[in-house]
Amino acid sequence: MLTTAAPATGPVRGADAPGRSSARRERADQALLTGPDAEHVLRAVLEAEGVRLSTWAVHQVHHRPGVGVTVGWTVTWEQGEAGTPAARGGEEYLLGTTAPVPAGTPASTTVRVADRDVTVWRHPADPVLPGLAHACDPVRVAASLGAEPAQVQLELVTYRPLRRAVLRASSPTTTAYLKVVRPHTAADLVRRHELLLAAGLPVAPVEDLGGGVLRLGVVPGRPLTDALAADGA
């Protein structure tokens, strides 16, 4: 059985006791997903698929206080006996989270580690963002741009696991941004863009491609994030 450091025991006084308990739990979650026990999680997932873990490294940690911790790993694996014709290997990007994920989600595996459930998936098969795999598919994206797949360049601009992602799709004739959100939030986001456009504000036109994928046009000007960060605050 895998173990991780147990939180301190004993009474906790004060109005913020639940918050303190959650903070301790999430510190333990981060230690679990970035420390030695993460290797056991990855081995269990890969061995269930008939391959062996070769190397792994933490790439990025996403912590949402009060919700859970998600970690991305770069992983290499091998199969078959080294030096034989059947031997092969590969490299993949896996993610694991202690945040709640709907039970029975396709393309994900849940591993029990001590008293925690860790859900693991391969990028881009995010268990809560089903549209991410479509937005990362050059054939699908090319069709939406009216271009050939070989002409399309896809760049992952930002990715917040289980929350949202943005990709830049470029062809010789056009550039668009694909915003991936949880499917049930897409209609509301489209409506907000439509209200802003109707009010005459310079926002990007938006098209709902289905499955939680929105296609946004490009607008000229200075990015808001640049303006907010200009004074170094």
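Laid out as a table, the results:
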item: Lone unmet requirement of (1) exposed (fewer than 14 other Cβ atoms within 10 Å of the Cβ); (2) touching a strand residue (DSSP E or B) at 6+ places or on another chain (Cβ under 7 Å); (3) of a type outside the set (Phe, Trp, Tyr); (4) assigned by the TED database to the domain that holds Glu39 for Leu94; result: (1)
item: Selection count, segment 97-123, where residues are in a loop (DSSP other than H, G, I, E, B) and either open to solvent by 50 Å² or more (accessible area, probe 1.4 Å) or in the same structural domain as Leu209 (by the TED database) (or both); result: 8
item: Options Asp188, Asp137; residue that is of a type in the set (D, E, K, R), farther than 30 Å from His40 by Cβ, open to solvent by less than 60 Å² (accessible area, probe 1.4 Å) and free of Cβ contacts under 8 Å to residues at least 12 places away in the same chain; result: Asp137
item: Of all residues making up segment 143-167, the number that are surrounded by 13 or more Cβ atoms within 10 Å (Cβ to Cβ), of a type in the set (Gly, Ala, Ser) and at pLDDT below 95; result: 3
item: Residue count, segment 72-94 (criterion: without any contact (Cβ under 8 Å) to a residue 40 or more places away in the chain and touching a Leu at 6+ places or on another chain (Cβ under 7 Å)); result: 3
item: Residue that is more than 20 Å from the chain's Cα centre (by Cα) and at pLDDT 95 or above, where the choices are Val120, Val180, Val190; result: Val190
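The values are calculated or read from the model by the stated rules, or taken from the named source; none is laboratory data. Quick caveat: nothing in here was measured; it's all calculated off a predicted structure. Cβ atoms come from the backbone with ideal geometry, glycine included; neighbour counts cover every protein chain shown. We work out accessible area using only protein heavy atoms, side chains counted, and drop any ligands, DNA or RNA first. Shrake-Rupley method; radii C 1.70, N 1.55, O 1.52, S 1.80 Å.
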